[in-house]
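Worksheet for the structure shown next.
Where a number appears in this text, it was derived from the coordinates with a stated rule and is not lab data. Since the structure is predicted, the reported quantities are computational estimates derived from the model, not experimental observations. Here the Cβ positions follow ideal geometry from the backbone for every residue, glycine too, while neighbour counts run over all protein chains shown.
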């Protein structure tokens, strides 16, 4: 329990870093430190907040628990201090991002099931928890949202959330289930990026 | 009662189709099958979800009722299977879209009035139910939202919602009221598109 | 109490005017009177609604109190009637906008503290109340959101909200606290614009 709480805070911090970096990289904007902070904040709490207000699950995490805000602030400070290193290690950071969305997916799915939500909606809410912070981030900075980009991303979350629900129904031990499901998200992400896999296209005939 | 439930599910399916087609048509995006599904999902549930979380009306429809998700999935499958036909019959589909926003408008207004909301806010929430899925869809795919486009659209919903509230106050039978109000939305849409009617412009002097 | 209620309604009206003007100025859109009204509406109620649904604070203001809608409608009518004057007096209107975000900041912070929210989250929710209507407005009309523009804006709200929380802890009289905190927001805004002050930039090295 305690461990998963700290893992979640680390995930929050990483999302804050990814958001702050996205704002700092955006061309044609003013890019001051507030916009970096705010974009990091939205990225970190957007998905979970949307999940909680859709569920009516009050108080939402960052309103209830000040540590979430400290994790965001800490991620923001690290972003500022080590800006040049983040860029250089982007490829390595990708692993952490994948772990982050894996953790968010499983936490979101678990919270939804505990709230009595049906399994299909729980899978979707698990995915929403993981990706919607990034969707709001991209919308705010006028980028094409990540869900419309090339590599398999949200679909990895759908797969992990589905595995979590399935193993729950099979009464697999919670900790193993969490581990397997997070691993599946990370595994799909790594394989997809490494082998440049993407989903089938769907375009309308002109 | 039962009938209006099935009509609503058909409306959900049509919104999912319209969203999936919008994603598939967008140029310069990756356009895979997930982005088509997700855009359809957001289009179908966005307006009603925003209405419900604004009202504090929990659980929201698609979290409570798995059939809503099946309707979306079914609409998505139909979109994929019959992609070329949807494009050819776009003009005919416009009628279904109009019926869809008419139904969403009336349902949204009714739910708001039942929640004890004042008539003006109910009219706005009826319109929000009908159009906001499309607004979120357009924002996600970086299009100009439909409310800023030429033909009368949201205003038709405002008119239908206002009629519904007025007939409610006059104690008109619920079923007739629903029929009249949906018809008004559809009628205004058809006339507006056919005769190319639009609202007066409002631009600032340069 | 009564006074602050009317001040809030005036703030709502001014936000509605600012939103309607933003829609009317946007190039390349259809810019009809509905889009002006709707953009004004979203600008006026967006931040407070997001705060209330994040807090689970139901019913949200404009659903509960019809006067909020009248204030928006009145602001919209004033916008249409005096369009040419608004443009000419833009510089003077800036003062009112600053007072508006000051009032929204303090009200949002106060409501959050009263809901038992921790001080850091209350400061953020105070800022969200003040700026998020504008963020949604800018996202809808496909502009770069104001938080990514040059002058100090959201940071002024953070400062005012922080002062409000600090003076609350020091048991300063509520009315004086409100006055001081609103004044701080307005003061920072005026100084920032007059002396062209902005926050330090944060860009990634290329």
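Using a 10 Å cut-off on Cβ to Cβ distances, tally the other chain neighbours for every residue of B:49-56 and report the average as a whole number. Don't skip to the answer; put the middle values down first.
Working: counts 3, 2, 0, 3, 12, 9, 5, 11.
The mean count of partner-chain Cβ atoms within 10 Å per residue comes to 6.
For the range A:1-40, state the semi-axes of the equivalent ellipsoid (square roots of 5 times the eigenvalues of the alpha-carbon gyration tensor), sorted largest first and rounded to whole angstrom. Intermediate values should be presented prior to the final figure.
Working: eigenvalues 151, 12, 4 Å².
They are 28, 8, 4 Å, listed largest first.
If you average 1/r over every pair of different alpha-carbon atoms in the range B:69-128 and take one over that average, what Kirkwood value in Å do you get? Walk me through the numbers on the way to the answer.
Working: mean 1/r = 0.0747 Å⁻¹.
One decimal place: 13.4 Å for the Kirkwood radius.
State, as an integer percentage, the relative contact order of chain A based on alpha-carbon contacts under 8 Å between residues 6 or more apart.
Details: 282 pairs, mean separation 44.9, N = 206.
Once normalised by length, the contact order is 22 percent.
Can you tell me which of B:39-51, C:15-27, A:90-102 comes out highest on packing, and rank the rest after it, using the mean Cβ neighbours within 10 Å? Walk me through the intermediate numbers first.
Values: B:39-51: 26.7, C:15-27: 24.4, A:90-102: 17.7.
Ranked from most to least packed, the peptides come out as B:39-51, C:15-27, A:90-102.
What's the minimum Cβ distance from chain A to the axis relating it to C, in whole Å, and which residue gives it?
Value returned for chain A: A:53, 3.
For chain C, rounded, prolate or oblate, judged on the Cα gyration tensor with a ≥ b ≥ c (square roots of eigenvalues), a/c < 1.5 rounded, else prolate if a/b > b/c?
Working: a/c = 1.58, a/b = 1.22, b/c = 1.30.
Oblate shape, in that a/c is at least 1.5 and b/c is the bigger or equal ratio.
Could you work out the mean count of beta carbons from other protein chains within 10 Å of each residue's beta carbon in B:15-22? Spell out each step's value before the answer.
On the way: counts 0, 0, 0, 0, 0, 2, 2, 1.
Mean partner shielding for this stretch: 1.
Work out the mean other chain Cβ neighbour count within 10 Å for the residues of A:141-148 and drop it here as an integer. Display every interim value, and only then the final one.
Numbers: counts 3, 8, 1, 7, 8, 0, 10, 14.
Rounded to a whole number, the mean comes out at 6.
Go ahead and estimate [θ] at 222 nm for chain A from helices alone: -39,500 (n - 2.57) per DSSP H run with n ≥ 4, summed, over the residue count, rounded to 500.
Numbers: 9 runs with 157 residues, N = 206.
Roughly -25500 deg cm²/dmol at 222 nm, from the helical runs in chain A.
Suppose a student asked you for the relative contact order of the range B:101-197, using Cα pairs under 8 Å spaced at least 6 residues apart; what percent would you report?
This gives 33 percent for the range B:101-197.
How compact and how long is the range C:41-148, expressed as Rg and Dmax of its alpha-carbon atoms in Å?
Reported Rg and Dmax, both Å: 14.7, 45.
Classify the protein assembly as shown as rounded, prolate or oblate, taking a ≥ b ≥ c as the square roots of the eigenvalues of its Cα gyration tensor: rounded when a/c is under 1.5, otherwise prolate if a/b is larger than b/c and oblate if not. Could you put the intermediate results ahead of the total?
Numbers: a/c = 1.43, a/b = 1.00, b/c = 1.43.
In terms of gyration-tensor shape, rounded.
Roughly how far apart, in whole Å, are the Cα centres of the range A:100-138 and the range A:39-94?
15 Å
Note down the relative contact order for the range C:1-112 as a percent, whole number, built from C-alpha pairs under 8 angstrom at least six residues apart.
It rounds to 36 percent for the range C:1-112.
Starting from the Cα gyration tensor of the range A:97-195, take the square roots of the eigenvalues, sort them a ≥ b ≥ c, and report rounded, prolate or oblate (rounded when a/c is under 1.5, otherwise prolate if a/b is larger than b/c, else oblate). If you can, show how the numbers build up before the last one.
Details: a/c = 2.49, a/b = 1.48, b/c = 1.68.
Oblate.
So what's the range B:1-69 giving for Cα Rg divided by 2.2 N^0.38 Å, two decimals?
Numbers: Rg = 13.4 Å, N = 69, 2.2 N^0.38 = 11.0 Å.
Taking the Cα Rg and dividing by 2.2 N^0.38 Å, one obtains 1.22.
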